[in-house]
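Asker: Okay, handing you the structure first.
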């Protein structure tokens, strides 16, 4: 790839070139089946695929829909397509076939790149039936050299769609480089870390940094089926030193007895409750870094759990919301009408559909502010506290109750497993999951927050992406609303 003179992710290619030069025979990726792939092999694989696919008639700016297992071939395929000047379309995996169809209809790709059983989807998804199929395989010869510009669109990905229609987000090569610059300092380490990564963007960062990535040996769409024993076994077997996982997996981690050389956990993708971070700190002695961001802006803020004071814990228990830390240095952040709004080079400045941009972007001079849809406030130390999603707050004749003000506190109540503040028939109701013997106590505690009714449910539904956010639409449906 590098010797072909192609440009992969603009300056990020230079980082990867340095990583290959310095760590050619170091393991870049350990796949879920245990197969180890070196940096040199990732580079060679990308060269082979670029050579093969350059003869398929792909042109600079063409869109290719990509659906593959998360393995080394996925990242080599991304590099190969980017080196040809192609825009890669990544559907939202948690949406299944519906997400694949939505991605195809929204972006109108020129080809479908797939491997394994994903390639068979071409015959069951009408939007893919007539598209040429690109499959990984051996290639020979030199691909055409394409001058990829920073402004060229590298990726089109999608929001999760949990709070509305999944929105297509174009990401330029310059944007990906800015995202790298914002995330890389957070992951910086002088040690030879072995990161178990559940978020694909962090694998890209590691490839450009020369750090080993361990991929999950479980399906990310089946997180509820993963046992603590399986998680601990993979961590120990692969001598993992750091985890980059969603809060739902942190809950399983807290149940693990032996995690070998593991010393640090980076977690995000959903609220990280203070009782969870306390358990990880006290029981496992791990460092825990909570990262707040969104699909459009990752990261926004981060917090080392050891910096959470007793006073902060009391404030969260009293209804102040969820502390997520200081905004990262690469971002501008403001609060307008209770909403967290951000701007910066690694903040997406628009969507593929201009209507979505009109709804979620605010142009203010030279800044384009992204409306996160999250309610929050800054404290006297400049730290960000979240209150939950705008629109999920409950209005009463005397007050406005934000979900995190109650849910973060409720997580610390005896016998509580999970909770969700809902507006049912115009009144605040706290749906709770846990030991129903505590119901009378929960009712008493909820009244202190202005919530007069508590309803016990067997299981609160969670989002399909990370199993870490409450699916309020599904919960309302289960409750008959």
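Rule-based calculations on the coordinates, nothing more; no lab input. These numbers come from a predicted model, not from an experiment. Here the Cβ is made from the backbone with ideal geometry for all residues, glycine too, and neighbour counts use every protein chain on show.
Asker: Report the label-to-label distance for residue 295 and residue 230 in nanometres (one decimal), using points 7 Å from each Cα along the Cα→Cβ vector.
Answerer: Distance between label points: 2.6 nm.
Asker: Counting only DSSP beta bridges with both residues in the range 29-182, tell me the antiparallel percent, nearest 5.
Answerer: 40
Asker: Now a separate question. Can you give the FRET efficiency for residue 453 and residue 36, using 1/(1 + (r/R0)^6), R0 = 51 Å, r = Cβ-Cβ distance, to the nearest 0.05?
Answerer: Efficiency at R0 = 51 Å is approximately 0.40.
Asker: While we're on this one: Under the classification rounded if a/c is under 1.5, otherwise prolate if a/b is larger than b/c and oblate if not, where does the range 181-225 fall, given a ≥ b ≥ c as square roots of the Cα gyration tensor eigenvalues?
Answerer: prolate
Asker: Counting every Cα pair in the range 394-478, what percent are over 19 Å apart?
Answerer: Roughly 33 percent, once rounded to a whole number.
Asker: Translational diffusion coefficient, Stokes-Einstein: compute it for the range 234-288 using the Kirkwood radius over C-alpha pairs as Rh, at 4 °C and 1.567 mPa s, and state it as an integer in µm² s⁻¹.
Answerer: 117
Asker: Right, next: Could you tell me the calculated FRET efficiency between residue 306 and residue 117, based on Cβ-Cβ distance and R0 = 56 angstrom, to the nearest 0.05?
Answerer: 0.80
Asker: If you average 1/r over every pair of different alpha-carbon atoms in the range 33-131 and take one over that average, what Kirkwood value in Å do you get?
Answerer: 14.0 Å is the Kirkwood radius here.
Asker: Any chance you could run the full-extension gain for residue 326 through residue 21? It's 0.36 nm times the residue separation minus the Cα-Cα distance, nm to one decimal.
Answerer: Extra length available between residue 326 and residue 21 comes to 106.2 nm.
Asker: What angle, in degrees between 0 and 90 and rounded to the nearest 10, separates the Cα long axis of helix 200-209 from the longest principal axis of the Cα atoms of the chain?
Answerer: On a 0 to 90 degree scale, this one is about 50.
Asker: Could you tell me, in Å, what Rg and Dmax come out for the Cα atoms of the range 310-462?
Answerer: 17.7, 56
Asker: What distance in nm lies between label points placed 7 Å from Cα along the C-beta direction at residue 314 and residue 478?
Answerer: Placing both labels 7 Å along Cα→Cβ, they lie 3.5 nm apart.
Asker: Could you give the distance between the Cα centres of the range 414-481 and the range 182-248, to the whole Å?
Answerer: Cα centres, the range 414-481 to the range 182-248: 31 Å.
Asker: Helix 39-54 against the longest principal axis of the chain: what's the angle in degrees, Cα atoms only, rounded to the nearest 10?
Answerer: It is inclined by approximately 70 degrees.
Asker: Starting from 0.36 nm per residue, how many nanometres of slack lie between residue 237 and residue 55 once their C-alpha separation is accounted for?
Answerer: Extra length available between residue 237 and residue 55 comes to 61.4 nm.
Asker: Go ahead and run the numbers for FRET between residue 366 and residue 188, Cβ-Cβ distance against an R0 of 35 Å, rounding to 0.05.
Answerer: About 0.75, to the nearest 0.05.
Asker: Would you kindly calculate the mean projected area, averaged across all directions, of the convex hull enclosing the Cα atoms of the range 304-361, in square nanometres?
Answerer: 5.7
Asker: Order of 160, 357 from fewest to most other C-beta atoms within 10 Å?
Answerer: By the 10 Å Cβ count, ascending, the order reads 357, 160.
Asker: Next question, about the same structure. Against the longest principal axis of the chain, how steep is helix 96-107, in degrees 0 to 90 to the nearest 10, with axes from Cα atoms?
Answerer: Helix 96-107 sits at roughly 60 degrees to that axis.
Asker: Moving to a separate point now. Can you put 60, 477, 23 in order, fewest other beta carbons within 10 Å first?
Answerer: Least crowded to most crowded, the residues run 477, 60, 23.
Asker: Let's test this: bin the Cα-Cα distances of the range 164-271 at 5 Å from zero up to the farthest pair and state each bin's percent.
Answerer: 2, 11, 21, 23, 18, 13, 7, 4, 1
Asker: Out of all DSSP beta bridges with both ends in the range 394-478, state the antiparallel percent to the nearest 5.
Answerer: So the antiparallel bridges amount to about 75 percent of the total.
Asker: Could you tell me what percent of the DSSP beta bridges with both partners in the chain are antiparallel, to the nearest 5?
Answerer: 60
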